[in-house]
Each structure stands twice: as structure tokens, then as C-alpha cells.
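Coordinate-derived values only; no laboratory data. All figures in this text were calculated on a predicted structure; none of them were measured in a lab. Neighbour counts are summed over all protein chains in view; Cβ atoms, including those assigned to glycine, are modelled from backbone coordinates with ideal geometry.
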Amino acid sequence: MMRITMIGTGYVGLVSGACFSDFGHDVICVDKDAAKIEKLEAGVMPIYEPGLDALVATNVKAGRLSFTTDLAAGVADADAVFIAVGTPSRRGDGHADLSYVYAASEEIAKAVKGKTVIVTKSTVPVGTGDEVERIMREGAPGKEIYVCSNPEFLREGAAIDDFKRPDRVVVGTEEEAAKEVMRAIYRPLYLNRSPILFTARRTSELIKYAANAFLATKITFINEIADLCEAVGANVQDVSRGIGLDGRIGAKFLHAGPGYGGSCFPKDTLALLKTADDYDTPVRIVEAVVQVNDARKRAMGRKVIKAMGGDVRGKTVGILGLTFKPNTDDMRDAPSLAVIQALQDAGATVKAHDPEGVEQAAKVLKDVEFVADPYAAADGADALVIVTEWDAYRALDLARLKGLLKTPVLVDLRNIYPIDEAEKAGFDYTSVGRGNGLVGELAKAEG
Ligand code: UDX
């Protein structure tokens, strides 16, 4: 059993803290936000993540997980202190804003007592570990402190499962004493046979950015192929299947759609470009990915307008799904924002449904009417647009929807309906990259 202190109760900090306690470790989660800590103590989660409330409740009850605003108390007896505070894009220049990481480091330095491993779990640019180490040396001279990097790869909506069954764990340290503590912390994963990769600290920091940039590239690649499919009369889902079965390519992250969003890909690709720029080593592929993805989100608005006949002035559009992906309430860089903006700019009225995201969406969307169920979004609208593929939208009563719409226009930006099903229901149906409406023999045979 290790004593772990987690600084920051955002997505990564809270999920990691709860999972470490579930591994049997003694975990204290620290946050400056007293209201948040109070809520957590009362069992109220600050984010929507499936399974998290139960996981927290179980471990709090078992006495392994607690919450506090008192950083010093949490740090004093810890074997390892994880820094999991935010690293948002800095306004103006796109660099990762490291002020929270450094502020936390200074406070930790003041509170550290015995041998402690300081772990950066926040996504931080290459070299941040060196700076954290400098702060430790200055703030806690002579103390036995090791600074290592341990990026987190969990996805929102599948966070607990991703944390407990990761494809790999990456730990950036060359110090044997730090490796020992990290091995003890991740011992349950060793038993699960998850690969644990020890690298140099800078390498570990870069792995996180390289992974996210590669995944963003994969999505953007298939999105451009989808456009080409529409132009030449081919089907992107069959192309994905046809290339994804090649083990060198892999089937995941080849779903064409309205462009990637979320708290990581947009921010991390930008930060990688900044690092590349600083070191005068451009990564042009990632530059292109960022541009293409930004343009794509806006283009999706134009796609809807085209499907509605080119003029949406005075018309009403129903939107299904606002969050950047299903099973989260996160609206950060969600494609819905650009789609709705384009529609409103063109004179349309928007009403929208989302199973979990309305509270967050209401903070960032103006002049949108939020409705309580998907059918209300269709009621009296001139078109219905699926922007986020929540499961709740996968088996809608199409006949009922068609009856509610003023005109039977259905735009499916996530390809969740078979074309023949939508057309049989009488819809004028538009999707992404399905140029000929055919379903490949392979896909058919596999059901
Ligand atoms: C991502 C990384 O997957 C994770 O490893 C990292 O730690 C944080 O960033 P997350 O942002 O939670 O996780 O979501 P993810 O499931 O990766 O989706 C990101 C975006 O890409 C979403 O907007 C999603 O809709 C989009 N996407 C994903 C596609 O458009 N097509 C795909 O095939 C996959």
C-alpha cells in the first residue's frame, strides 16, 4: 500500500485518485476549490463520468479515499504526490499554460517532509519536469525528492476502464528509487499484464503529445478520405474497414465525422506545434491536421445548410447531441458549437437536445432552446441533425421523427443510421462520406 496525494480533482486527477484508491492505496485528493471538495465529500461528482460516483463512494467508505483543500497536510506523509492540475491553452499564443503546475510545485516543495516522488500527470510540454525539479531543489533543498513524468491516456466517458486496463503505462524517470515507488503504485496493472514502459523524463513527456497528435491525424485523415468518398461515389465506412484490417493501420479512430473536439486533442496538438516551433523543428503534418480539423467543423454547418436547400433563413434546425462525444457533459471544442454558430449566422433558429450536456452547453451557447427529448427537437423543425452519437439516438422511431418534422431532412454527421433504413423511413438523408449508399459485402456478411 502506498500513500498517494493527488493535486487537482479535474477529470484526470479525480479518476486517477479514485482508481488508485481502488487498487488499495491510501489516497488524498487535494483541490483549492473548497466548494468542489465539499461536494465531493458529500458524494457529488463535479463531472459526469459513468461509474465514478460509485467508485468514489466505495473507496471513501473503505477509508482509502479522502478529499481536502489542505495541500500541506496531504503532502507531508505521501510516498508520491501527483500533479494533475489543468494545463489549458494560454490565451493568445497556444502554449500550454503551466502556471497551475508551477504554483502547485512551489506549494508541494514547502510541504514535503521525507522521501517523496513528485509525478506530473498533467499533460505538460517537454522540459516541464526539469523546471518542476528546479522548483523542488530550490524550495526544498537537501530533501530526497524525485520528479518523474507519468502521462495519462484515459478517454472521457470510458475513463475508469481505460485507467484500470490501459494499453500501456508510461513512466519517465531514470532514478531507481522513483521506479520502485511507481512499480508499487501500478502493481495491480503488472498483475493484469499491462505493459509499463520506463523512459527518460523528456521522452515520456513527448510520448503523450505524440500519441494525441497521431490519433488526431488518424481521425483527420479518414475525414478527408470521407470527403473524397462523397466526391467519387465510395463508402468511407467500408474504406475504414478495408484499411483498418491491416494490422499496421489498425481499425480504431477511423470513424469519419464532424471533426475531433474535446479537452485534449485541440489543446495538445496546438501545444505540440508550439514546442516544435520553439525548437525550430516543424511538424508539418500536425500543422495541417489542426487547420483541416478547424475548417471541417465550420464546413459541417455548410453541409447542413446545403442539405436544407441552401437557405435556412427563418428555418428551425433540431440538433441531437451537443457534447464533443457521448458519455460526457464536456462541451470543450465540441463540433456542435461551430455547426450551431454557422446555422445561426445563416439566419436559422436552433433547438437542441443532449442527454447530459445541457447544463454545460447553456454556458457557451446563445439563443438555443434546449428541449427535454429527441422528439421535441424534431417537432416543427425543418431539419434534424445528429452531431454526437449518444446511444439514445441509435434506435429512434424514425417514422415518428419524420411525422414531427416540417420537412423530412435528416443530417447524420456520425453515420449512425444505415442509409437504406433512413431512406425507407422517407427521409432526405445526408451522412458523412457515404457517397454511393452501398454497404460492402464484407460489412454485410459480418452483420
Ligand atoms: C483523448 C485520447 O483518446 C486520450 O488518450 C487522451 O488521454 C485525451 O484525449 P478524449 O478527448 O476523452 O480522449 O476522447 P476520444 O474518444 O479520444 O475522442 C476525441 C475526439 O475525436 C472526439 O471529438 C471524437 O468524436 C473524435 N473521434 C474519435 C472521431 O471523430 N473519430 C474517431 O474515430 C475517434
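Numbers below:
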| quantity | calculated |
| --- | --- |
| Share, in percent, of DSSP beta bridges within the chain that are antiparallel, nearest 5 | 5 |
| 3J(HN,Hα) from dihedral phi, the range 214-226, Karplus parametrisation 6.51/-1.76/1.60, rounded to Hz, x for glycine, proline | 5, 5, 4, 5, 4, 5, 5, 4, 5, 5, 5, 5, 4 |
| Length released on extending from A231 to R298, taking residue separation times 0.36 nm less the Cα-Cα span | 22.2 nm |
| Helix 52-61 vs. the chain, principal-axis angle (Cα, 0 to 90°, nearest 10) | 30 |
| Candidates A348, A256, A216: whichever shows maximal mean-square fluctuation once the chain is modelled as a Gaussian network with Cα springs under 10 Å | A348 |
| Angle between the chain longest axis and helix 128-139 axis [Cα atoms, degrees, rounded to 10] | 30 |
| Under Karplus coefficients 6.51, -1.76 and 1.60, residue-wise ³J(HN,Hα) of the range 110-122 in Hz, glycine/proline x | 5, 9, 4, 10, x, 4, 9, 9, 9, 10, 8, 9, 4 |
| Span per principal axis, largest first, for the Cα atoms of the range 169-314 (Å) | 66, 37, 31 |
| Cβ charges +1 (Lys, Arg) and -1 (Asp, Glu), total dipole of the range 323-447, debye | 180 |
| Overall Cα dimensions of the range 355-411, principal axis frame, Å, largest first | 33, 24, 18 |
| Computed [θ] at 222 nm, deg cm²/dmol, the chain (DSSP H ≥ 4; -39,500 (n - 2.57); rounded to nearest 500) | -13500 deg cm²/dmol |
| R0 of 35 Å, Cβ-Cβ distance A362-K306: FRET efficiency to nearest 0.05 | 0.75 |
| Most fluctuating residue given options I145, I386, I243, as computed from a GNM of the chain linking Cα atoms under 10 Å | I243 |
| Antiparallel content of DSSP bridges confined to the range 212-445, in %, to 5 | 5 |
| Gyration tensor verdict on the range 3-199 (Cα atoms; rounded if a/c is under 1.5, prolate if a/b is larger than b/c, oblate otherwise) | rounded |
| The chain: angle of helix 11-22 to the longest principal axis, Cα-based, in degrees nearest 10 | 60 |
| Long-range amide H partners of A96 with built H, under 5 Å | R90 |
| Percent of C-alpha pairs per 10 Å bin, the range 33-142, short to long | 13, 36, 34, 16, 1 |
| Residue with peak Gaussian network fluctuation, the chain [Cα springs, cutoff 10 Å], from E389, E356, E131 | E131 |
| Proximal charge balance of F324 [Cβ under 9 Å; K/R count +1, D/E count -1] | -1 |
| Volume per residue that the Cα convex hull of the chain spans, once the total is divided by residue count, Å³ | 155 |
| Sorted by Cβ neighbour density within 10 Å, fewest at the top, the residues D330, D53 | D53, D330 |
| Those lysines that a straight Cα-Cα span of less than 22 Å connects to K179, excepting residues fewer than 8 apart in one chain | K113, K115, K121, K143, K164, K208 |
| Neighbour-count order for D311, D294, fewest beta carbons within 10 angstrom listed first | D311, D294 |
| Convex hull (Cα only) mean projected area of the range 212-445, reported in nm² to one decimal | 13.3 |
